[in-house]
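As structure tokens, the structure follows; a few thoughts come after it.
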Amino acid sequence: MALNENFILWLMGPTSGGKTTIASRFTEELRKKGVPVVHFDGDEVRDLFGSDLGFSEAARMQVVKTLVYAANKACDAGLNVVISALTANQDARDYVATHVNSLVMGYVSCSLDECIKRDVKGLYKKAISGEIKTVIGFNTPYHQPDDPDIILDTENNSLDKIIKQLEDYFRDSDSYRHKSH
């Protein structure tokens, strides 16, 4: 895979939609090809802050701002970056769009029913029982972003097909345009 410019691929989508799985695999595939890349995950950032960071809009925005900062620094240092983060609120999406250099916005599409079936972290089970009320996509709607650069449908496509879709996107010079903000 020949990439002319460093990029930041920001994968957003519902909980259990497949963001981290795609990001991890795509990062692995790029490294196999000798492409310098790092993956940052929203949950890892949240774990870094510990229990002090809740799930309020302000706390969610703090995670996004931290990811934006780390991604831009890594990209400036010559790395490609893959981010996997919920990024459900429009203010967070607007922040990403205006503050991320070389941005490619990816939407990981998956229905609520399928996300509930997967329930990797057990959050939907807790939301269904009423134990938690902060699951975006269940307790409040998760809205598809208005104009993502690429849509990755994890419900109807295999992981291999999605990785190929990403590789084709970045290989096609007409699809990927350097975006600096």
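Summary table
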quantity: 10 Å Cβ shell holding at most 16 others, DSSP loop, trypsin sites (Lys or Arg not before Pro): longest site-free stretch of the chain; calculated: 34-120
quantity: Label-to-label distance, nm, for residues given as Lys65 and Asp47 (7 Å Cα→Cβ offset); calculated: 2.4 nm
quantity: Length-normalised contact order for region 12-165 - Cα pairs under 8 Å, 6+ apart - percent; calculated: 33 percent
quantity: Size of electric dipole in the chain: Cβ of Lys, Arg +1 and of Asp, Glu -1, about Cα centre, debye, nearest 20; calculated: 340 debye
quantity: Long pairs among Lys133/Lys164; Lys32/Lys65; Lys32/Lys73, criterion Cα-Cα beyond 28 Å; calculated: Lys133/Lys164; Lys32/Lys65
quantity: Integer Hz, Karplus 6.51/-1.76/1.60 couplings in order for region 81-95, x for Gly and Pro; calculated: 10, 10, 10, 10, 7, 3, 6, 8, 8, 4, 5, 5, 5, 5, 4
quantity: Antiparallel bridges, percent of DSSP beta bridges restricted to the chain (to nearest 5); calculated: 0 percent
quantity: Dimensions (Å) - region 98-143, Cα atoms, principal axes, largest first; calculated: 41, 19, 18
quantity: Rg in Å to one decimal, and Dmax rounded to a whole Å, for region 7-101 via C-alpha atoms; calculated: 13.0, 40
quantity: Whichever lysines have a C-alpha closer than 27 Å to that of Lys126, once near sequence neighbours (fewer than 8 apart) are set aside; calculated: Lys19, Lys117
quantity: Whether region 77-124 is rounded, prolate or oblate, judged on the alpha carbon gyration tensor where a/c under 1.5 counts as rounded; calculated: prolate
quantity: For Ile136, residues with placed amide H under 5 Å, excluding near neighbours; calculated: none
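Where a number appears in this text, it was derived from the coordinates with a stated rule and is not lab data. A quick note: this is a predicted structure, and the numbers were derived from the prediction, not measured. FYI the Cβ positions are ideal-geometry reconstructions off the backbone, even for glycines, and counts take in every protein chain you see.
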